[in-house]
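Accompanying notes for the structure given below.
The values are calculated or read from the model by the stated rules, or taken from the named source; none is laboratory data. Because the structure is a prediction, the values reported are computed rather than measured. Glycine also receives a Cβ, built like all others from the backbone with ideal geometry; neighbour counts cover every protein chain displayed.
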Amino acid sequence: MHLAPGMVDLLLHAAPMHDVGKLGISDNILLKPGPLSAEERQVMNTHASIGAQILAGSTSPVIQMGERVALAHHEKWDGTGYPHRLTREEIPIEARICSVVDFFDALAMDRPYRKAVPKDEVVRMILDAADAHFDPSVVEIFVDVRGDIEAIHAEYFH
């Protein structure tokens, strides 16, 4: 996989915007200590579209990429994701990258509703989901740089 010049820097600044749409989700859902009901899950899933709406209309390349990432970071390689059930290369590459990293981060950290999953297990889950939920080429690179990712994760989220 080769990214266009400057794309890595844009992604560095755009990726943190992936969940900006959660600003539009009630804390009762965001911070719920147990599993979400089907209705609550449906509300939570709107955060992707809400995030894209928040970021829409900007002329800034970083914000434009943030909009794409916010909208598509829950799309899945096999088309079972949301909000638009995009498949494979229909999903912007920046969102495909963020989806793997977001999955790792979401499971490797404690959440209000569960304890962190051991990192080795999270990586195994990512590998198992390659070619279904995740772009296999992104997963391959993720595994190659796993040590770097875990070092960054440890530095900021010990």
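Residues in the stretch 18-33: is at least one among the hydroxyl-bearing types (Ser, Thr, Tyr) and more than 18 Å from ARG111 (Cβ to Cβ)?
Looking for residues that are among the hydroxyl-bearing types (Ser, Thr, Tyr) and more than 18 Å from ARG111 (Cβ to Cβ), one finds none in the stretch 18-33, hence no.
Mind counting the residues in the stretch 17-29 that are free of Cβ contacts under 8 Å to residues at least 40 places away in the same chain and within 21 Å of ALA95 (Cβ to Cβ)?
Selection size over the stretch 17-29: 4.
Residue by residue, here is whether (1) over 19 Å from HIS84 (Cα atoms); (2) of a type in the set (Lys, Arg) holds:
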{"residue": "ALA15", "(1), (2)": "yes, no"}
{"residue": "LYS22", "(1), (2)": "no, yes"}
{"residue": "ASP27", "(1), (2)": "yes, no"}
{"residue": "LYS32", "(1), (2)": "yes, yes"}
{"residue": "THR46", "(1), (2)": "no, no"}
{"residue": "SER49", "(1), (2)": "no, no"}
{"residue": "SER58", "(1), (2)": "yes, no"}
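Could you please let me know if GLU94 is under 15 Å from ASP19 (Cβ atoms), in contact (Cβ under 8 Å) with a residue 24 or more places away in the chain, in contact with a Lys or Arg (Cβ under 9 Å, 6 or more places away or on another chain) and not in a helix (DSSP H, G or I)?
no
Residues of the stretch 61-100 being hydroxyl-bearing (Ser, Thr, Tyr) and closer than 18 Å to ASP131 by Cβ, which ones? Before you say what the answer is, go through the steps one by one.
Initially, the stretch 61-100 is screened for residues hydroxyl-bearing (Ser, Thr, Tyr), giving 80, 82, 87, 99.
Matches in the stretch 61-100: THR80, THR87, SER99.
Answer yes or no: is there a residue in the stretch 62-84 that is modelled with pLDDT under 95, more than 13 Å from the chain's Cα centre (by Cα) and either of a type in the set (D, E, K, R) or over 22 Å from PRO136 (Cα atoms) (or both).
Of the residues in the stretch 62-84, the ones modelled with pLDDT under 95 are none.
Checked against the condition, which is being modelled with pLDDT under 95, more than 13 Å from the chain's Cα centre (by Cα) and either of a type in the set (D, E, K, R) or over 22 Å from PRO136 (Cα atoms) (or both), the stretch 62-84 yields no hits at all.
Based on this model, can you work out whether ALA38 counts as more than 19 Å from MET17 (Cα to Cα) and at pLDDT 95 or above?
Taking the combined requirement at face value, the residue satisfies it.
Within the stretch 93-103, can one find any residue that is of a type in the set (Phe, Trp, Tyr), crowded, with 17+ Cβ neighbours inside 10 Å and over 23 Å from ASP27 (Cα atoms)?
The initial filter retains those residues of the stretch 93-103 that are of a type in the set (Phe, Trp, Tyr), namely 103.
Right, trim to crowded, with 17+ Cβ neighbours inside 10 Å and you get 103.
Imposing the further condition that a residue be over 23 Å from ASP27 (Cα atoms) reduces the set to none.
No, the conditions are met nowhere in the stretch 93-103.
Looking at (1) modelled with pLDDT under 95; (2) in contact with an Asp or Glu (Cβ under 7 Å, 6 or more places away or on another chain), which is the only condition PHE104 fails?
Answer for PHE104: the failing condition is (2).
Exactly one of (1) assigned to a loop (DSSP other than H, G, I, E, B); (2) surrounded by fewer than 16 Cβ atoms within 10 Å (Cβ to Cβ) is unmet by ASP120. Its number?
(1)
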